[in-house]
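*Asks:* My questions all concern the structure below.
Every number in this text was worked out from the coordinates using simple rules, so none of it is lab data. Given the structure is predicted, the values throughout are model-derived calculations rather than measurements. Cβ placement follows ideal geometry from the backbone for every residue including glycine, while neighbour counts extend to all protein chains displayed.
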Amino acid sequence: MKQRVLHELDRIERQHKIRNLLAVESGSTAWGFASPDSDYDVRFIYAHERDWYLSVLDVRDVMEEMMPDRLDFSGWDLRKTLRLFSKCNLALNEWLGSPVVYTEALEFRHRLLKLIPCYFNPVRAVHHYRSMADRAITGNLVDGRIQIKMLFYVLRPLLACRWIQHTGTQPPTEFEELMTPAWVTTDERGWIANLLEQKSMANEAQPFHLDQRRADSIRSELDRYKSSSEPAATPSKSSTVELDQVFRDWIVQETTS
């Protein structure tokens with residue numbers, strides 16, 4: 001499948017006359033809890049030639065293609081990427097931390113990873129992850145049953161909230177890393193390890209019984225995070241000097257390569 005992904009990335013690059021700066025796996029495969037029927041969620045960041053940016057009109061700055069074999073491609077233009085990065089876009093930060101990298105331009109990912117602490121907003125991040133977990137459990141837990149995929153869509157952002165509460169930093173992309181700190185109990189680790197084993201062999205829609213004790217505990221924890229994320233979020237870093245330089249550097253590299 002990796003060779004198929006690389007082939008499609010090369011085709012997209014040639015077809016649209018762009019340069020791929022980073023292409024990674026997102027979603028359950030990157031998080032570490034893919035099911036046999038999980039999609040491949042390929043996310044990429046690309047740059048156009050310099051003159052493409054010298055236009056008085058707004059132009060489309062995303063690319064999306066759904067292909068056979070559960071291949072889902074979605075890409076963002078470099079300028080869009082950096083604008084979202086300056087606002088602490090958590091999905092983008094997770095792309096940068098993905099353990100599955102298909103292709104990357106030298107130093108590009110490393111340079112942005114170093115800048116995440118400069119633009120990370122813990123209040124906004126807790127709100128983002130808490131809201132994600134709350135939607136997943138509220139909309140999918142019925143009579144004590146929930147699809148095993150959606151249960152992980154509750155647990156991952158819940159543990160991300162814990163990570164932020166304890167460290168004030170961007171949570172790791174990989175789910176296993178979210179389980180290792182001391183603030184995850186031995187009981188929780190054992191329970192989740194069993195869930196991971198089940199999910200690795202089950203279709204994503206397989207129903208799972210969530211006992212009342214754990215459901216109540218999850219809801220109680222989400223309520224606590226709600227109070228901590230309700231105040232007006234402090235603004236992200238207002239200066240984009242570093243990101244402006246990243247933009248200029250990679251556009252110049254594109255035109256001179």
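*Asks:* Using every alpha carbon pair in the chain, what percent of pairs falls into each 10 Å bin from 0 up to the bin containing the largest distance?
*Replies:* Bins of 10 Å from zero give 6, 27, 32, 23, 9, 2, 0 percent of pairs.
*Asks:* Under 12 Å from the Cα of Lys199, which aspartates and glutamates turn up, not counting those fewer than eight places away in the same chain?
*Replies:* Those aspartates and glutamates meeting the cut-off are Asp37.
*Asks:* Where in the chain are the DSSP H helices whose alpha-carbon span along the long axis reaches 15 Å or more and whose Kyte-Doolittle mean is at least 0.0?
*Replies:* Flagged H segments are 108-119, 148-167.
*Asks:* Tell me which lysines have Cα within less than 30 Å of Lys114's Cα, excluding those fewer than 8 residues away on the same chain?
*Replies:* Output for Lys114: Lys2, Lys17, Lys80, Lys87, Lys226, Lys237.
*Asks:* Could you give the nm distance between label points at Asp61 and Glu104, where each point is 7 Å from its Cα heading toward the beta carbon?
*Replies:* Spacing of the two 7 Å Cα→Cβ label points: 2.3 nm.
*Asks:* Taking amide hydrogens as modeled 1.01 Å from N in the peptide plane, which residues meet the under 5 Å criterion relative to Thr103, leaving out close sequence neighbours?
*Replies:* The list, which skips near neighbours in sequence, is Ala23.
*Asks:* When the expected Rg is taken as 2.2 N^0.38 Å, what fraction or multiple of it is the alpha-carbon Rg of the stretch 122-229?
*Replies:* That works out to 1.02 for the stretch 122-229.
*Asks:* Give me the mean projected area, in nm² to one decimal, of the convex hull enclosing the Cα positions of the stretch 87-165. Don't jump to the answer; show the numbers that get you there.
*Replies:* Numbers: hull surface 25.4 nm².
Seen from a random direction, the Cα hull of the stretch 87-165 projects 6.4 nm² on average.
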